[in-house]
1. If a residue must be under 31 Å from the mean Cα position of the chain (by Cα), closer than 19 Å to Ala183 by Cβ and open to solvent by 70 Å² or more (accessible area, probe 1.4 Å), how many such residues does segment 196-244 contain?
2. Select from segment 101-125 the residues that are of a type in the set (D, E, K, R) and modelled with pLDDT of 95 or more and write down the one among them that is least open to solvent (accessible area, probe 1.4 Å).
3. State all residues of segment 209-247 that are closer than 15 Å to Met331 by Cβ and among the basic types (Lys, Arg); if no residue qualifies, say none.
4. Can you tell me which residue in segment 126-181 is surrounded by the most Cβ atoms within 10 Å (Cβ to Cβ), limited to those that are basic (Lys, Arg), in contact (Cβ under 8 Å) with a residue 12 or more places away in the chain and farther than 30 Å from Lys267 by Cβ?
5. Please go through segment 245-284 and pick out each residue that is more than 26 Å from Thr146 (Cβ to Cβ) and hydrophobic (A, V, I, L, M, F, W, C).
6. Could you run through segment 245-264 and say how many residues are open to solvent by 20 Å² or more (accessible area, probe 1.4 Å) and either closer than 21 Å to Thr156 by Cα or touching a residue at least 12 places away in the same chain (Cβ under 8 Å) (or both)?
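The values are calculated or read from the model by the stated rules, or taken from the named source; none is laboratory data. Predicted model only: the values in this text are computed from it and were never measured. When we count neighbours, we look across all protein chains shown, and the Cβ atoms used for this are built from the backbone with ideal geometry, even at glycine. In case anyone asks, the SASA skips ligands and DNA or RNA and just uses the protein heavy atoms, side chains included. Shrake-Rupley method; radii C 1.70, N 1.55, O 1.52, S 1.80 Å.
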Amino acid sequence: AAGRGFVGRLGGVEGFLSGSAAHGARGSKLLLHGGIILTDGRDAENLGGALNASPASVVRQHLPDLPTGDAPFNISIANTFGSKKFPQAIIIGVKKGGTRALLEFLRIHPDVRAVGAEPHFFDRFYEKGLEWYRNLMPRTLEGQITMEKTPSYFITKEAPRRVFSMSRHTKLIVVVRDPVTRAVSDYTQTLSKSPGLPSFRSLAFRNATTGLIDTSWSAVRIGIYAKHLENWLRFFPPSRFLFVSGERLVSDPAGEMGRVQDFLGLKRVVTDKHFYFNQTKGFPCLKKPEGSSRPRCLGKSKGRPHPQIPAEVLLRLRDFYRPFNLKFYQMTGHNFGWD
């Protein structure tokens, strides 16, 4: 690199270091390892947590003597690693509807960059401020979409106003599923964490004799989709929403993913060639990615066997949800076929 400059490929974009800057790092050679510049004698395994840090910080950490005023270096960092932006699209709900599957399927797309964990900014951590939120986002290059998913946003009363105050142009994706099977799935998840939980019947009914449903129980309340959607429609027009069928995400993942990609303005990259149906788990998995030894399925917590719920309990719950479902069909212009 001496005298001619050092050119390295960083994160898929060409970056340039002048020869003098390259030799300024305590006179050691620079090696390119897995897309990250390292000083001689250091390998990726010894970097520990550095690989999870931003590439720019890794470069600075391992080039301590590099002058910060070196213009070409600063420009290359900015151009190479993109910038952190507020999400242009958020999966806002619903819990146990299929949001994790949708996000994992979207991650295949090269133009989608998403936060792994649920940030819960608009429901739990709003007081931390928008800059804190933006710093959670992955860096994106021009043309890429930043996304996050937190299913509890859909039922949080303050969330629509808060998202609107960030950007009125945010695209909102809601994954919905038959509210009765969603409630049972919700209960199943809670039961796996708290084995001493009361029966589904005792939690679902406020009064078992009269059959009055307890709408204060979150497993029931979440499924009243029409009520929650009304709250969001006070701030966002229907055109800002895409309602994804949790059932179709299982039976026809490529078809639903086509709709999602269209809504996000993305080329249809994720297609049926990416999926296969896992008979054991009962839902689609992603086919083996290149360089991987096995296909990618969602974790063992997905596809749990549901407990047996008495048929009359499910029937009563179905009757309860019917008018709300019909209203939801009218509001979205889509019959999800739950009745």
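1. Selection size over segment 196-244: 3.
2. Kept after step one, since they are of a type in the set (D, E, K, R), are these residues of segment 101-125: 104, 107, 111, 113, 118, 123-124.
Narrowing further to those that are modelled with pLDDT of 95 or more: 111, 113, 118, 123-124.
Numbers: Asp111: 58, Arg113: 94, Glu118: 67, Asp123: 40, Arg124: 143 Å².
Residue satisfying both the conditions and the ranking: Asp123.
3. If the condition is that a residue be closer than 15 Å to Met331 by Cβ and among the basic types (Lys, Arg), then Lys227, Arg234, Arg240 are the ones that fit.
4. The qualifying residue surrounded by the most Cβ atoms within 10 Å (Cβ to Cβ) is Arg162.
5. The answer is Val250, Phe277, Phe283.
6. Of segment 245-264, the ones open to solvent by 20 Å² or more (accessible area, probe 1.4 Å) are 247-248, 250-252, 254-255, 259, 262-263.
Restricting the remaining residues to those that are either closer than 21 Å to Thr156 by Cα or touching a residue at least 12 places away in the same chain (Cβ under 8 Å) (or both) gives 247, 250, 254, 259, 263.
The number of residues fulfilling the criteria is 5.
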